[in-house]
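Below is a structure I'd like to ask you about.
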């Protein structure tokens, strides 16, 4: 029996607004951290995270309520948003963040152009079985994926020009292979592993766990989600493990339930599996030891981040070996993210950012 798809019943802008509202409501009650701001530099990441987070949230409430009526599905998030406004308005974002090299106008416009190209040329398909998106407008999800990639590389302190080039590369891959499932839950988990391992950002740990939980809505995706949670806990510094376990408990129970639940029936295959996805993932994995040897530095957080992303990508490859038509397309964005972390040059030194006249 097919599950109801409330997003498929409304126009594309309403579907995007529903995802954004559900995701932003939950994002506002997660532990303090980033993203969550609304300034020019923070808004794209807040938008992307909220939209992609909205997918498993709306999927879960749809499954639990058994209703395809969008107002019914959104009711818990309306209540959550009202409580949040009444108790503590605004987003829980640290007052001061780590300074970053500002993106040049050309780099900023390049990322925007890549996003606009996806909106203009990506097929706005909404077939839930084909795209595993619950009827969501997939061109907007592709834009969110692009902004999320840029956010992950920014947190990894990669140079703005290199981030723009990789955003353009991902946009090109998505345009060349549009009829694929991006597995946004896997990308959400991969991106937010970076701030968790680099900064112990507790909000990022929860977002990684929720991204893993979203994999439960794919056919046989729950074991992969449990593997992602295991990577989150094992890759954490011993001082971080308690917080990682706290973030993983509820998503882990949900994934166990979905893994043990009887299958609802065979799902149709996903056509259009990009032939570049698996080779790109293999290249990214093989380049890890080369990049780490080239960048050997004391107290460098890159090895921990690269090895955790590599483990997640290897888990995705193993999953793709058993389910190539479903799992392979989801390797595109995590592979590009890992290549960016490894090979895009570092940002300019902080003093050069703080005082450009020097």
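The values are calculated or read from the model by the stated rules, or taken from the named source; none is laboratory data. Computed from a prediction, not measured in an experiment: that's the story for all the values here. Methodologically, a virtual Cβ is constructed for each residue, glycine included, from the backbone with ideal geometry; neighbour enumeration extends over all protein chains shown.
Taking only pairs six or more apart or across chains, which ones have beta-carbon atoms under 6 Å, a first residue in region 196-209 that is touching a residue at least 12 places away in the same chain (Cβ under 8 Å) and on the phi > 0 side of the Ramachandran plot, and a second residue that is surrounded by fewer than 22 Cβ atoms within 10 Å (Cβ to Cβ) and assigned to a helix (DSSP H, G or I)?
200/240
If I go through region 215-248 residue by residue, how many of them are touching a helix residue (DSSP H, G or I) at 6+ places or on another chain (Cβ under 7 Å) and in a helix (DSSP H, G or I)?
21
Of everything in region 1-31, what is modelled with pLDDT under 80, outside any helix (DSSP H, G or I) and in contact with a helix residue (DSSP H, G or I) (Cβ under 7 Å, 6 or more places away or on another chain)? Give them in sequence order.
Across region 1-31, the qualifying residues are 3, 4, 5, 10.
Still on this model: Using the structure shown, decide if residue 56 is assigned to a helix (DSSP H, G or I), modelled with pLDDT of 80 or more and closer than 16 Å to residue 15 by Cβ.
yes
While we're looking at this one, here's another question. From the list 135, 110, exactly one residue is surrounded by 13 or more Cβ atoms within 10 Å (Cβ to Cβ) and modelled with pLDDT of 80 or more. Which is it?
Of 135, 110, the one residue that is surrounded by 13 or more Cβ atoms within 10 Å (Cβ to Cβ) and modelled with pLDDT of 80 or more is 110.
Go through region 249-358 and tell me which helices (runs of 4 or more DSSP H), entirely inside it, have 3 or more residues that are at pLDDT below 85.
By residue number, 277-294, 302-322, 324-327, 350-354.
Could you list, in sequence order, the residues of region 140-195 that are at pLDDT 85 or above and not in a helix (DSSP H, G or I)?
The answer is 156, 157, 158, 159.
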